[in-house]
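Reading through the structure tokens given below for one structure.
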Amino acid sequence: MTKNQKIISDKLLKWYDHNARLLPWRLFGGSKPDPYKIWISEIMLQQTTVQTVIPYFKLFIQKWPTVDQLCKSDLSEVLHLWSGLGYYSRARNLHLSSFLINSKYNNSLPSTESELLKLPGIGSYTAAAIMAIAFNKRAVVVDGNIKRVVSRLFSLEKPVKENYREIWDFTNLITPNIRVGDFVQSLMDLGSEICTPSRPKCYQCPVINNCQAKTNKKENFIPLKKRKLEKNFRNGASFFIRKGQKVLIYKRLDRGLLASLDALPSIGWDNQVDQRLEFIKKLEKKKISRIKHEFTHFTLNMDIYLVEYLENENSKLPKDFIWADINNLKKFSFPTLMQKILKKIIND
DNA sequence: TAACCGTGGCC
DNA sequence: TGGCCAAGGTT
């Protein structure tokens, strides 16, 4: 680490001492962080904003304060708490990992990158982040914020997606040997609050004099943005099949989109073949509404149909189908898409 | 490697 | 309004 690189980390740490965000998984005043909480927070924060995560994190820790408690839970409980948060494989992987940590590591998170990487749901970023933040061990942490901050500090013009290796090398150069956790979080807080994607607040930046992008007057153009692929449209149909005060719902397949979550029977949009849904095609239905829902990689237009299910059609239901009380749907694990559809039907 | 995997907020 | 973006991982 050269003198200038040490100046950068010193300035960032000093800034962090006075400007760190107060977040529920952070401890201050010399207390050691709880690796379990850091793990849960890091998984929840994958591609998810801090403000969205906070209430989910608090509920999660309240319900399962330790690995030991988590590994005694049912997957269905974890999915229920996770419903609405998105990227549901994270919940499945957390649950699975809790068993591994229980059986292989005596309920304590492993503290080496190679062992952390063996846990499902932990990749290169999360392993390094847990090393640094939970254990204060030196690791090179490169997340979305840090990619942008480092690109600007060293005037790296390439789009971040195409420049991982170079960004990693420069991040490595400025990563100190002490207070690694604080340093990593200082970069993240800086990226989140000051060195923002658009209109960075350079006038508040503690390392403005060390920033090569600023020196070159390129802070608004670095890193370069890459054009994204065009988003596709899909059409689907959801069925509100009613029998008195009950509605037919089912548990989705345990793989792919919205895996293992509860849903209204729906077809035509998720590239899945589910034999259990064949019976829908024979039902007498009436189109009552339509909603639009944005996924990351496609836009969904979902037609909503109402089916009045007659008492004498009491044929046997497929596996994992149940008649749910319309007034007690809270106990199920619906993704936001389904919550939107249900709200639309019940309000209309 | 590029597609897949959710959702909410911002401008 | 719609595209962008957020403490990415898996296949």
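The values are calculated or read from the model by the stated rules, or taken from the named source; none is laboratory data. Worth saying up front: this structure is predicted, and the values here are computed from it rather than measured. FYI the Cβ positions are ideal-geometry reconstructions off the backbone, even for glycines, and counts take in every protein chain you see. Side chains included, ligands, DNA and RNA excluded: accessible areas come from the protein's heavy atoms. Shrake-Rupley method; radii C 1.70, N 1.55, O 1.52, S 1.80 Å.
Only one of (1) open to solvent by 30 Å² or more (accessible area, probe 1.4 Å); (2) more than 16 Å from DNA strand C (Cβ to nearest atom); (3) at pLDDT 95 or above; (4) among the acidic types (Asp, Glu) fails for residue A:284. Which number is that? Unmet condition: (3).
Checking every residue in segment A:260-280 against the condition of being within 15 Å of residue A:340 (Cβ to Cβ) and exposed (fewer than 13 other Cβ atoms within 10 Å of the Cβ) gives zero matches. Among the residues of segment A:77-122, those that are in contact with a Pro (Cβ under 9 Å, 6 or more places away or on another chain) and within 16 Å of DNA strand B (Cβ to nearest atom) comprise A:83, A:84, A:86, A:88, A:89, A:92, A:93, A:94, A:96. Residues in segment A:35-68 that are without any contact (Cβ under 8 Å) to a residue 60 or more places away in the chain, part of a helix (DSSP H, G or I) and hydrophobic (A, V, I, L, M, F, W, C): A:40, A:44, A:53, A:54, A:57, A:59, A:60, A:61, A:67. When residue A:197 is tested against (1) in contact with a helix residue (DSSP H, G or I) (Cβ under 7 Å, 6 or more places away or on another chain); (2) more than 27 Å from residue A:37 (Cβ to Cβ); (3) touching a residue at least 60 places away in the same chain (Cβ under 8 Å); (4) within 12 Å of DNA strand C (Cβ to nearest atom), just one condition goes unmet, and that condition is (3). Restricted to strands (runs of 3 or more DSSP E) entirely inside segment A:233-342, those with at least 3 residues that are under 27 Å from the mean Cα position of the chain (by Cα) and without any contact (Cβ under 8 Å) to a residue 60 or more places away in the chain are A:286-294. Criterion applied to A:89, A:108 was being more than 27 Å from residue A:336 (Cα to Cα) and either open to solvent by 20 Å² or more (accessible area, probe 1.4 Å) or within 13 Å of DNA strand C (Cβ to nearest atom) (or both), and the one residue passing it is A:108. Within segment A:152-175, residues that are over 23 Å from residue A:206 (Cβ atoms) and in a helix (DSSP H, G or I) sit with their Cβ atoms under 9 Å from residues that are open to solvent by 70 Å² or more (accessible area, probe 1.4 Å) and of a type outside the set (A, V, I, L, M, F, W, C), at 6+ positions apart or across chains, in these pairs: A:161/A:226; A:162/A:226; A:166/A:158. Answer yes or no as to whether residue A:94 is over 25 Å from residue A:174 (Cα atoms), within 14 Å of DNA strand C (Cβ to nearest atom), outside any loop (DSSP other than H, G, I, E, B) and over 15 Å from the mean Cα position of the chain (by Cα). Spelling it out, it is not the case that residue A:94 is over 25 Å from residue A:174 (Cα atoms), within 14 Å of DNA strand C (Cβ to nearest atom), outside any loop (DSSP other than H, G, I, E, B) and over 15 Å from the mean Cα position of the chain (by Cα). Does segment A:167-186 include one or more residues that are surrounded by 16 or more Cβ atoms within 10 Å (Cβ to Cβ), outside the structural domain of residue A:18 (by TED's automatic domain parsing) and over 22 Å from residue A:51 (Cβ atoms)? No: segment A:167-186 contains no residue that is surrounded by 16 or more Cβ atoms within 10 Å (Cβ to Cβ), outside the structural domain of residue A:18 (by TED's automatic domain parsing) and over 22 Å from residue A:51 (Cβ atoms).
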